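> Have a look at the structure that comes next, please.
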Amino acid sequence: MRTRRSVRRLAPAPVALLLAAGLALTGCGGGDDSGGSGSAADRGAAASRADDKAGSAEAAPGGAGSGARATAPPKVTASHIIRTASLTVQVKDVPKALEQARTGTENAGGYVGNETTTRDAEGRERTRVVLRVPVEKYDEVLAELEGTGKLLDRSAKAEDVTDQVVDVKSRITSQRASVARIRELMDRAGKLSDVVTLEGELSTRQADLEALLARQESLKDRTSLATITLSLSETPVKKEAKDDDPGFVDALAGGWNAFVTMLRWLAVAFGAVLPFAAVAALIVLLWVRVVRPRLPRRPAPAPATTALGPLPTARPAPEATRPRTPDEQA
């Protein structure tokens, strides 16, 4: 009986050799007959099967988990992504396309932000509108907007701010705990100076907490709603395609355009110089007609004289001698 109790205690053990050794000792020390040995063997076999089941049960979770981890892909953690996109689309009717974009955005659960409409010199409208749509409907709304007309330009950007969201959340928790500690210290403060100091510290930490809460709200808004900037412009009138090879008429038209352009620039230059020329002509006219006649005239210089009388005037030099003809000699 003592041996059987030890066997029962060792049966749950995972070591099968100890169980077999215990059963052998029980069969030798008990001196029972074949029936008793058979029952002991049956009980040992049952205990062994139970031990195997327990061992397999203990090993199954680990083995199944290892197999699952080895084959199954890792789970994707929840991430916070800011999605922005910019579209430029040519349409035939800007107001109609804008109304269609508004309807699609509102049906998706978003709203219309800033809107700017301009008109060029040729009367074509151009509208720029900012749309905010839920992230779940981002791709659907983007595809719908691209189909409103001819897509000219598209750019999309995705920024992962999961680290910022986690950091802000952790700092908010710490800041709230800090504010709570300051309030507890204020409740237990007995001196007025301590109360004043703690109130200043509480105001500072409360302001920091509010800033963190505002940043958390901003991140939540930017990650939950995607931003789409849509530019709509009317399709310009298409002209008929012309032959690229220039001919005589094209050359003549080009020369005439160049001549007209030159005349235009000359006229512009003449117009720019004309005021200065008019002022200069007026100044010359005033000098000749008004100022110059009133100026005193200089007297003629008197001949130089000496004590003996006036100096003789210089005689003209004789003409160069030339040979006389026979008639002049006669």
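The values are calculated or read from the model by the stated rules, or taken from the named source; none is laboratory data. Just so it is clear, the structure is predicted and the values come from calculations on it, not from any experiment. Because the Cβ atoms are built from the backbone with ideal geometry, glycine has one as well, and the counts that use them run over all protein chains shown. In case anyone asks, the SASA skips ligands and DNA or RNA and just uses the protein heavy atoms, side chains included. Shrake-Rupley method; radii C 1.70, N 1.55, O 1.52, S 1.80 Å.
> Find how many whole Å separate the alpha carbon centroid of region 89-156 from the alpha carbon centroid of region 170-187.
47
> Using a 1.4 Å probe on the protein chains only, how many percent of the accessible area of region 145-271 belongs to carbon and sulfur?
Carbon-and-sulfur percentage of accessible area, whole number: 56.
> Step by step: find N for region 172-229, compute 2.2 N^0.38 Å, then divide the Cα radius of gyration by it. What's the final number?
1.61
> In what sequence, highest mean first, do 150-162, 264-276 appear when ranked by Cβ atoms within 10 angstrom? If you can, show how the numbers build up before the last one.
Working: 150-162: 12.1, 264-276: 9.7.
Result, highest mean first: 150-162, 264-276.
> Going down the table (LYS92/LYS157; LYS137/LYS169; LYS92/LYS220), which pairs top 30 Å between alpha carbons? Mind showing how you got there, number by number?
Working: LYS92/LYS157 28 Å; LYS137/LYS169 26 Å; LYS92/LYS220 37 Å.
Check vs 30 Å cut-off fails for LYS92/LYS220.
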